[in-house]
Amino acid sequence: MRVPLERAEEARAELLKFAAHGFEERDLPGELELAVYGGPEIEEALRASFGEVSCERVEPGWEDNWRAFHHPVEIGRLWVGPPWEEARESLLPVVIDPGRAFGTGSHPTTRLCLELLQELEPASLLDVGCGSGVLAIAAARLGFAPITAFDNDPAAIEATLSNAEVNGVSFDVRLTDVLADSLPQTEVAGCNISLPVLETLAPRLESERLVASGFLASDELRLDGYRVVSRREQAEWAAVLADRKH
């Protein structure tokens, strides 16, 4: 099925109700294509929630074919990829289990955040909406410390802890409502989250610098308390580096 990019986060959240095992996604011009493997009962549930969907019969062995959709990416000094691939020796490896459906590093918003992160000197960091833990793990690889990772989804906390262990790094991971609970004071905050949450969160942050994405290049971004100093775009998505106003 295909949804407009502005409904991408909503569609992902809804789709996880039917596909807790994960799903595939592909960026198209102005749209996001989402694919789920399953039987007639999954098709019926998807049609009830999303309306128009298309179905194709898959060949035996589809259970392992999903691996073909997950390739490593090189982002500056970082290599981000699945556990069955190997990084080039000259790059810092960030191994992420793609079966957890919380972000593998290939999405433009993640890539843009990782590019901006590498422009900064290593310092204390808060990862808000950590998902798979890719930003926090990459930051640890780059020398950032101490690191705190927050998410309001227990499954994301589990994924972050598991991926951190695989990568041989450790940091503080907490199940937290970032719009209600207190936030630590850090030099840098990384926020790859939806635009409404980002704009509500910005005034509450106690961080000097902000690396933020999760919004479209066409969106009008308002970050109360911060001044944008750098902006990047890729495949209709955008990310910014912002400094705290004093």
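List of remarks:
- Scanning the range 76-115 for residues that are surrounded by fewer than 23 Cβ atoms within 10 Å (Cβ to Cβ), among the aliphatic types (A, V, I, L, M) and either in a helix (DSSP H, G or I) or modelled with pLDDT under 95 (or both) gives 87, 101.
- A search for C-beta distances below 8 Å between a residue of the range 148-162 that is over 19 Å from residue 138 (Cβ atoms) and any residue that is surrounded by fewer than 23 Cβ atoms within 10 Å (Cβ to Cβ) and of a type in the set (Ser, Thr, Tyr), counting only pairs 6+ apart in sequence or on different chains, returns 152/176.
- Residue 208 being free of Cβ contacts under 8 Å to residues at least 12 places away in the same chain, in the same structural domain as residue 113 (by TED's automatic domain parsing) and acidic (Asp, Glu): no
- Meets criteria (modelled with pLDDT of 95 or more and of a type in the set (Ser, Thr, Tyr)) for residue 170: yes
- Within the range 36-53, considering residues that are surrounded by 13 or more Cβ atoms within 10 Å (Cβ to Cβ) and of a type in the set (A, V, I, L, M), the one nearest to residue 11 (Cα to Cα): 46
The values are calculated or read from the model by the stated rules, or taken from the named source; none is laboratory data. Owing to the predicted nature of the structure, the values given are computational and were not obtained by experimental measurement. Reconstructed Cβ throughout: ideal geometry from the backbone, glycine too, with neighbour counts over all protein chains shown.
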